[in-house]
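No value in this document is a laboratory result; all are computed from the given coordinates. The shown structure was predicted, so the numbers you read here are calculated from the model rather than taken from an experiment. Cβ sites come from the backbone with ideal geometry, for glycine too, and all protein chains shown count toward neighbours.
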There are 2 protein chains.
Amino acid sequence: MENELISTEKLEQLIKEKNVKEIRKIFEVVPTIDIAEACDDFEDISYLIFIFKIVKSEYTADLFTELSSESKEDLILAMSDAELAKILESQFADDIVDDLEDLPANLVTRVLKNVPKERRESINRLLNYKDNTAGSIMTTEFLTLLDNLSADEAINMIRKEGKTKETIYTIFVIDNRRNLVGTLDLDDLIFANGDEKISDIMNMDYVTTNVMDDQEEVANLMKRYDLNAIAVLNNENRLIGLITVDDIVDVIEQEATEDMSKMAGVAPLENSYLETKTLKMALKCAPWLMILLILGTFSSMILSKFENALSALPILVPFVTVLMDTGGNAGGQTTTLIVRGLAVQEFEPRDYLKILWKELRVAFLTGLMVCIFSTIWFLGEMYLNIISFDGYEIANEVLSGWPLFLARLEIALLVSTTLFLGIIVAKFVGTSLPMLVASLKKDPALISSPFVTTIVDVCSLLIYLGFAYILFSNILPAL
Amino acid sequence: MENELISTEKLEQLIKEKNVKEIRKIFEVVPTIDIAEACDDFEDISYLIFIFKIVKSEYTADLFTELSSESKEDLILAMSDAELAKILESQFADDIVDDLEDLPANLVTRVLKNVPKERRESINRLLNYKDNTAGSIMTTEFLTLLDNLSADEAINMIRKEGKTKETIYTIFVIDNRRNLVGTLDLDDLIFANGDEKISDIMNMDYVTTNVMDDQEEVANLMKRYDLNAIAVLNNENRLIGLITVDDIVDVIEQEATEDMSKMAGVAPLENSYLETKTLKMALKCAPWLMILLILGTFSSMILSKFENALSALPILVPFVTVLMDTGGNAGGQTTTLIVRGLAVQEFEPRDYLKILWKELRVAFLTGLMVCIFSTIWFLGEMYLNIISFDGYEIANEVLSGWPLFLARLEIALLVSTTLFLGIIVAKFVGTSLPMLVASLKKDPALISSPFVTTIVDVCSLLIYLGFAYILFSNILPAL
């Protein structure tokens, strides 16, 4: 993304000129992320240090969060403890935790040393939650109000305490035993009369999440209930954190990326694509290729067992690729639709029969269309000698008694019927496997399309060669 | 999703008992979407009508939005115009537009007739924006304030006018020529002193979007800049709408689903999976299978041209499936990573050389690992007679001069080397094609994995059979 108001060169120029006024103005009119990206490309870390010295800390705290991990490292190394402490002071605990996750161990220690004492505890706690749980994305800086306050009192409390909180748009309401009893939307508070009690304007139909819940579940809850923020409870049902919708936007995107990777047979990357090293990336890709290579042995076995037949009637060979491709493609279509439907909770494993029935009808129609089309196409291929039917001694010899057109039609129908059945098998396997995996409470995205393809390949080959034996029993040698 | 507080049966029971008090209480403590799902399963529409009669309109307006399109239809048909008008009065324009999109034409007319007059115009305008544009997801009910107001004046204005607006958390600030000059976050307003001018507390580093922009671009902007809401401008740079982050959550999910479908070779569904009819679904799936079937002709052609060679050395045949699967899988991995990286704007087409260089190194390492593994695996397969090397007249005859182990090693190396090169081709094509399509400003997800597979298949087969001719020139018949 480009921002015409700012560039690395322009910033460097302004810093060289020590044009403090203009630089400060940039921070007012240009979004921080755009400035951060310009800063990431600075030739020398001294430019960045200059900026941190002259710009207000409310801006530099944001800037620090948005910098790349390399810039962060360089900056921390170049700063004194006092300077570092000043930056950390204006940051939210969950942002510091995100920063820490990018940094090498020695810098983590230095950062933690310079975090205000009262914050260190919650940061340490946040660091201990497992990746991808609600705990790992929540913040501990949320606002609670007692349910017996009036609206005016509440607004005054918010003015006093809200500044250091992640959000004041959703406020948690507790009773005097500190139990969560409701959530309060800031807009309802603004619209309320000054003397109305919070307990009368708060929402009692709130939902909560457990700190150990998967972030994907949290995202689904917030989406379903259109929430700005959700309360995070621990196992004793105590309120311990808050997750805001902007964190969820990232989760949804990240989970979709992860599902896509898994389905394509790439182990999920811990970091972004660009931040994943070459060797690591190869290690994410290679194992799945090897597993599928092993699974592919079944197809090879079948072709090997039927080698006599393929030698006797070599026209069977060129169609093998078409059969395998189409089966794989049809399986991939269904697997993708099913895995995605499960992920966005459009349906559940218990809807299996309903979905299967739908997919089988889709498969029947799709198969029929493809079958009719392919019969014509294959006849054309053979007629135009794209796939040569004659010219082979064996084929000619064994087929000499047949009118050529009939023999061609027979082959075309053999392949097309196999395609038809292959598509049905593909949609059946592509529906059933992800549903089965989901019903076992595992991630259905693990059923990658290549895996379904492999199964469908085997079935298609068996159908194909089995039919070939029935049709051409007089020609083909015994197995 | 289950909610233990509510079920269709329980609601039906309460309605039969005319337990108005309990039903009203349910609306206070249970999220509306959960109630709506229970209502969708009512046996008779009269239950739903009862609810709409006894529950406060602030709740029923939400309930109406969350109902399935069937329930909405039934309800509208059963209601009088006055009842319908009452529901529509408390709904936001963009929600009504969403409702209308689900309804048959005759009901659309009836709904529009009963919408308050002053709203009808903006609804008609919203209905005219093309699907997937900013205009199609924006609302026209946003709040603007003049920049010369004080904070206290602003809060009073918000109290007066904010209730009918989609959000008051982000307010647009205009000058007296009605030009957008900034955005105001409600929290900044709350924290400001009462006499501070809005122009001093507003954000000037705001971003905007054009009404014709694609919703995916809007989502990317809001994500990048962590926005609660974004201003939508028309071509004359006039403020005409607002998009809130909760709409974006749906967009992000929808776009990810669409990309996944496209990449799996399913034309994007206009409705959700369950709402797409069987025939329509088949029509989404079949064309791509046919296109790929046509593209697959190239592989068939190659196999057909080399038929003599495959008959002469039939052990070459079983490995064809392995080659094609692995090439396809490797290509799918890269295509997915690249298409996704482009979609989430991690990189752009102009980063092509950088990404290609990375993918080629990944391909080299991945290929090497797979190559070493597969050599051993193939030797094992042949040694264990899973793929039978001997037992064929032709094979035996032509290979009679060779020690069996050497012949097996030669075959294993031939296949493994082809795998290695195939993986490199796959990652090259899988990187280049999506990048090329993106640089032409088309959606890179159109480069579905099956499409890449088809190209890689052809290359792998040519490499495989070409090498075979070099290695076994003494055995294989002339082409």
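About the Cα centre of the range A:152-261, what is the dipole size in debye to 20, counting +1 per Lys and Arg Cβ and -1 per Asp and Glu Cβ, all else neutral?
600 debye
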Taking the axis about which chain B rotates onto chain A, which residue of B lies nearest it as judged by Cβ position, and how many whole Å separate them?
B:Ala256, 2
Binning at 20 Å from 0, report for the protein assembly as shown what percent of all alpha-carbon pair distances ends up in each bin.
12, 39, 31, 15, 3, 0
A convex hull over the alpha carbons of the range A:245-308 yields, per residue, a volume in Å³ of 89 Å³
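When you look at the Cβ of every residue in B:142-150, what mean number of other chain Cβ atoms sits within 10 Å?
Mean shielding count: 0.
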On a 30 Å Cα-Cα criterion, which of the cross-link pairs B:Lys117/B:Lys163; A:Lys305/B:Lys262; A:Lys10/B:Lys262 come out too long?
A:Lys305/B:Lys262; A:Lys10/B:Lys262
Based on alpha-carbon centroids, what's the gap between the range B:409-479 and the range A:96-132 in Å, whole number please?
47 Å
Pairing the Cα long axis of helix B:404-439 with the longest principal axis of chain B, what angle in degrees results, from 0 to 90 and rounded to the nearest 10?
30 degrees
Using alpha carbon coordinates only, what is the Rg to Rh ratio of the range A:128-274, with Rh defined as the Kirkwood radius?
1.05
Stokes-Einstein D for the range A:70-125, Kirkwood Rh over Cα pairs, 10 °C, 1.306 mPa s (µm²/s):
142 µm²/s
By how many nm would the segment from A:Ile376 to A:Asn193 lengthen if fully extended, with 0.36 nm per residue of separation less the alpha-carbon distance?
58.3 nm
In percent, how large is the relative contact order of chain A, given Cα pairs closer than 8 Å and 6 or more residues apart?
11 percent
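If you take every DSSP beta bridge fully contained in the protein assembly as shown, what fraction is antiparallel? Give it as a percent rounded to 5. Mind showing how you got there, number by number?
Values: 28 of 40 bridges.
Of those bridges, close to 70 percent are antiparallel.
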Expressed as an acute angle from 0 to 90° and rounded to the nearest 10, what is the orientation of the C-alpha long axis of helix B:105-114 relative to the principal long axis of chain B?
30 degrees
Which order do the peptides B:165-176, B:416-427, A:467-478, B:250-261 take when ranked by the mean count of other beta-carbon atoms within 10 Å per residue, highest first?
B:416-427, B:250-261, B:165-176, A:467-478
In a shell of Cβ-Cβ distance under 13 Å around B:Gly327, excluding B:Gly327 itself, what net charge do Lys and Arg (+1) and Asp and Glu (-1) give?
-2
Positive minus negative residues near B:Asp195 (Lys, Arg vs Asp, Glu; Cβ under 13 Å):
-3
With N residues in the range B:25-87, what two-decimal value do you get for its Cα radius of gyration over 2.2 N^0.38 Å?
1.00
Can you tally the net charge around B:Glu270? Count Lys and Arg as +1, Asp and Glu as -1, for every other residue whose Cβ sits under 12 Å from the Cβ of B:Glu270.
-2
The range B:250-407 pair-distance distribution - Cα-Cα, 10 Å bins, rounded %
8, 23, 26, 22, 14, 5, 1
Specify the inter-centroid distance of the range B:168-227 and the range B:286-352, based on alpha-carbon positions, in whole Å.
49 Å
Compute the semi-axes of the equivalent ellipsoid of the range B:1-108, taking the square root of 5 times each eigenvalue of the Cα gyration tensor, and list them largest first in whole Å.
22, 14, 14
A correct Karplus calculation of ³J(HN,Hα) over the range B:240-257, with 6.51 cos²θ - 1.76 cosθ + 1.60, θ = phi - 60°, whole Hz and x for Gly and Pro, returns 10, x, 9, 10, 9, 5, 5, 5, 6, 4, 5, 4, 4, 5, 4, 5, 5, 4
Label geometry 7 Å along the beta-carbon vector: B:Asn148 inter-copy distances in nm:
4.8
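Other chains near A:362-371: what is the mean number of their Cβ atoms within 10 Å of each residue's Cβ? Please report the intermediate quantities before stating the final value.
Numbers: counts 11, 4, 2, 8, 11, 4, 2, 7, 7, 0.
What the average comes to for A:362-371 is 6.
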Dipole of chain A [Lys/Arg +1, Asp/Glu -1 at C-beta], most positive-end residue of A:Ile6, A:Asn176, A:Ile248:
A:Ile248
Specify the angular offset, from 0 to 90 degrees and rounded to the nearest 10, of the alpha carbon long axis of helix A:69-78 from the longest principal axis of the alpha carbons in chain A.
30 degrees
List every residue whose amide H lies under 5 Å from the amide H of B:Leu233, counting only residues 5 or more places away in sequence or on a different chain, with H placed 1.01 Å from N in the peptide plane.
B:Thr209, B:Asn210, B:Val211, B:Ile240
Cα gyration tensor category, rounded, prolate or oblate, for chain B with a/c compared to 1.5:
prolate
Report, for B:Glu22, each distance to the same residue's label point in the other copies, shortest first and in nm; define the point 7 Å along Cα→Cβ.
7.4
Tell me, in nm to one decimal, what length is gained between A:Tyr225 and A:Glu270 on full extension, where the rule is 0.36 nm per residue of separation less the Cα-Cα distance?
13.3 nm
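Given the peptides B:64-76, A:440-452, arrange them by the average over their residues of other C-beta atoms within 10 Å, most packed first.
For the peptides B:64-76, A:440-452, the packing ranking is A:440-452, B:64-76.
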Using a Förster distance of 22 Å, how high is the FRET efficiency between A:Lys53 and A:Asp98, based on the Cβ-Cβ distance and rounded to 0.05?
0.35
Count, for each residue of A:273-279, the Cβ atoms from other chains sitting within 10 Å of its Cβ, then give me the mean as a whole number.
5
